[in-house]
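Report on one structure; see the data block that follows.
The values are calculated or read from the model by the stated rules, or taken from the named source; none is laboratory data. Since we're looking at a predicted model, the values are computed, not measured. Note that we place each Cβ from the backbone using ideal geometry, even for glycine, and neighbour counts take in every protein chain shown. All accessible areas refer to the heavy atoms of the entire protein, side chains included, with ligands and DNA or RNA removed. Shrake-Rupley method; radii C 1.70, N 1.55, O 1.52, S 1.80 Å.
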Amino acid sequence: MLYMIIEHFREGKPRPVYERFRQRGRLAPEGLQYVSSWVSTDLRHCYQVMECADRALLDEWMAAWSDLVEFEVIPVLTSAEAAAQVLAPSHRRARQPRAGHREHGACRVRHARGCALPLAPGLLT
């Protein structure tokens, strides 16, 4: 399973995180794979994709950093996996737009808040 991890550096301080990483590495247990990461331009947050079959591995890794980082964990699918689920013959729309939601002309995909997003090139690849 893939997870989007949003790391919030405690007190907005990235230096202790980078120092520990330099000294001790990622501290990921065997079976937890780093995929990629991006850091906000203010250096206060890291957006990281991790992969593992057992969520306990992710919890173990986060425990090693919890003194320096607050975590948000979001299970995610690749766009191709999402498309396969959505386009499967048995898929039904889970919910209708909220009252007062206005449709936009080129909309094809809905995000969590119920607003419509235009279909971006390559979204389903």
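Details
- Scope the stretch 20-43; condition more than 14 Å from A64 (Cβ to Cβ) and open to solvent by less than 70 Å² (accessible area, probe 1.4 Å); matching residues: G31, S36, S37, V39, S40
- Strands (runs of 3 or more DSSP E) lying entirely in the stretch 46-125 (those with 1 or more residues that are at pLDDT 90 or above): 69-76
- Of the residues making up the stretch 50-70, those that are closer than 17 Å to V17 by Cα and either under 11 Å from the mean Cα position of the chain (by Cα) or open to solvent by 80 Å² or more (accessible area, probe 1.4 Å) (or both) are E60, D67, E70.
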